[in-house]
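The values are calculated or read from the model by the stated rules, or taken from the named source; none is laboratory data. Quick caveat: nothing in here was measured; it's all calculated off a predicted structure. No Cβ is skipped: glycine too gets one built from the backbone with ideal geometry, and neighbour counts run over all protein chains shown.
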Amino acid sequence: MKVMVIVKATKTSEAGVMPSEKLLTDMGRFNEELVKAGIMLEGDGLQPSAKGKRIRFSGDQRTVVDGPFAETKELIAGFWVWQVRSMDEAVEWARRCPHPMPGEEGELEIRPFFEMADFGKEFTPELRAQEERIRLEMERRQPKA
């Protein structure tokens, strides 16, 4: 099961306050544990929403909205993508995470990714083949470490 672990933004993260050396050290240690356990596939922090944009869709109209965005509790400050056996395992790992926003209330949200089987018969063999081609092309384009 692949899940995204979302680090919710706070007023401090939205203000662009960089993490302390201690937090960077603690998160680095946690990330190493995740990688050694074969859990972490990807992860990163995000710049404040003031540097972002949103695209609003209304019928055929597209409207670009510049950040910052108002509802801090609904924003994302960072994420991981984990491969786990179950949601329970993801929760166990998330409980071990260093507090991502020391001095403030913090929150992680865990969301499972859809799997091909979740889409049922609408995900035709042709669409499955297209998805596989896209996945392989993305892998091919990834920079080699």
Fill in: Options Ala70, Ala77; residue that is of a type outside the set (Asp, Glu) and under 15 Å from the mean Cα position of the chain (by Cα)
Ala77
Discussion item. Here are the criteria: (1) in contact (Cβ under 8 Å) with a residue 60 or more places away in the chain; (2) not in a helix (DSSP H, G or I). Tell me which single one Ala94 does not satisfy.
Written reply: (2)
Fill in: Every residue from the range 55-93 that is of a type in the set (Lys, Arg) and at pLDDT 95 or above
Arg56, Arg62, Arg85
Discussion item. If I ask for residues that are within 19 Å of Met4 (Cβ to Cβ), exposed (fewer than 10 other Cβ atoms within 10 Å of the Cβ) and more than 20 Å from the chain's Cα centre (by Cα), which ones from the range 100-145 would you list?
Written reply: Ala117, Asp118
